[in-house]
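The block underneath contains the structure these notes are about, expressed in structure tokens.
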Amino acid sequence: MRAGVISWRLAQTFWVGGLWLLQFVVLPALSKIGLAPLLVEEISGSLQPLLVGFAAFCVVLQALVLIQAAGLQSLWRDVRGQLLLAVLLLAVSYFVAGAEWWESARWMMFSYLVIGLCGLMLVLQEPPRSADFRKPHAT
């Protein structure tokens, strides 16, 4: 049962940390050292979709851990579940906004930043405890 808590924390560290690190450390550092702005934009355009996809995968993993710990209803009744669902919907909207028929760079950036903000809010929440795995719940 402890594996669920560990996987929750590990997945959360990777996707939230990766989003924040790219946006607020790596890209500004690349700009500061003098890389051409178009090159920094190309790097950003390549790495952001990968991180959003990875975040969506990690959120699905975290949702499975939450469902195992507190039941299916925790996805919409618990703040953690609501944040996970919000991130999943924002990830979908990020990729929809990047589609050729509706390319919206501003919506993609908005989705990316709100995913990072939801991740930060999720970090502030308590992970599913080991005790949550032992109590019976109705699904």
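So here's what we get for this one:
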{"quantity": "Unmet requirement for residue 90, which otherwise passes all of (1) more than 17 Å from the chain's Cα centre (by Cα); (2) within 16 Å of residue 55 (Cβ to Cβ)", "calculated": "(1)"}
{"quantity": "Checking residue 92 against (1) on the phi < 0 side of the Ramachandran plot; (2) buried (at least 16 other Cβ atoms within 10 Å of the Cβ), the condition it does not meet", "calculated": "(2)"}
{"quantity": "Exclusive hit being over 22 Å from residue 127 (Cα atoms), of a type in the set (A, V, I, L, M, F, W, C) and either touching a Gly at 6+ places or on another chain (Cβ under 6 Å) or in a helix (DSSP H, G or I) (or both), set 52, 40, 59", "calculated": "40"}
{"quantity": "Top-ranked residue of the range 62-73 - restricted to ones that are assigned to a helix (DSSP H, G or I) and in contact (Cβ under 8 Å) with a residue 12 or more places away in the chain, ranked as surrounded by the fewest Cβ atoms within 10 Å (Cβ to Cβ)", "calculated": "68"}
{"quantity": "First in the range 14-38 and closer than 12 Å to residue 52 by Cα, second anywhere and among the acidic types (Asp, Glu) and exposed (fewer than 15 other Cβ atoms within 10 Å of the Cβ), Cβ under 9 Å, 6 or more apart", "calculated": "none"}
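Where a number appears in this text, it was derived from the coordinates with a stated rule and is not lab data. Just so we're clear, the structure is a prediction, and the values are computed from it rather than from any experiment. Neighbour counts are summed over all protein chains in view; Cβ atoms, including those assigned to glycine, are modelled from backbone coordinates with ideal geometry.
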